[in-house]
1. Are there GluC sites (Glu not before Pro) in the chain that DSSP marks as loop and that have at most 11 other Cβ atoms within 10 Å, and which are they?
2. Let me have the relative contact order for the chain, percent, based on Cα pairs under 8 Å that are six or more residues apart.
3. Which trypsin sites (Lys or Arg not before Pro) in the chain sit in a loop by DSSP (not H, G, I, E or B) and have at most 14 other Cβ atoms within 10 Å of their own Cβ?
4. Using the Cα centre of the chain as origin and beta-carbon charges of +1 (Lys, Arg) and -1 (Asp, Glu), tell me which of Ser58, Asn2, Ala23 is placed farthest towards the positive end of the dipole.
5. Do me a favour and compute the ellipsoid semi-axes for the chain from its Cα gyration tensor, root of five times each eigenvalue, largest one first, whole Å.
6. So how far apart, in nm, are the two label points at Ala27 and Glu63 if each is 7 Å from Cα heading toward Cβ?
7. Report, to the nearest 10°, how far helix 3-17 tilts away from the longest principal axis of the Cα atoms in the chain, using its own Cα long axis and a range of 0 to 90°.
8. Separation between the Ala15 and Glu48 pseudo-spin-labels, each 7 Å from Cα along Cα→Cβ, expressed in nm?
Amino acid sequence: MNQPNVEAKVKAVLADKLSMDIAKIKADSLLLEDLGMDSFGSIETVFELEEQFKIKISDADIEKAKTVKDIVAYIAGRVASPAEEEKA
């Protein structure tokens, strides 16, 4: 899965979990300050992202994420497209 697809899916999950218009979620949006994501919201969001991307996200890794872009980069690094897997 390429980065734009990951970003679109991450934004959709955030919009759903934060009850927010997806158009207001930008790559450089700060999770806490701009999107108002609290610790409970982040737990729900992590569970949904794990489900959507079929990956496990550690608490330590998610605590490092400050922006939407941080989450997208983390997930894109963990989820490879079939073409990328064949090259490995």
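1. Details: sites: Glu7, Glu33, Glu44, Glu48, Glu50, Glu51, Glu63, Glu84, Glu85, Glu86; in loops: Glu33.
Answer in residue order: Glu33.
2. Value for the chain: 42 percent.
3. Lys26, Lys54, Lys56, Lys66
4. Result: Asn2, furthest along the dipole toward the positive end.
5. Square roots of five times the eigenvalues give 22, 14, 11 Å.
6. Rounded to a tenth, the inter-label distance reads 2.8 nm.
7. Rounded to the nearest ten degrees, it is 30.
8. Between Ala15 and Glu48, the simple spin-label model gives 1.1 nm.
Since every read-out is calculated from the coordinates, none of them should be taken as a lab result. It should be emphasised that the depicted structure is a prediction, and the values quoted were computed from it without experimental measurement. Neighbour counts run over all protein chains shown; Cβ positions are idealised from the backbone, glycine included.
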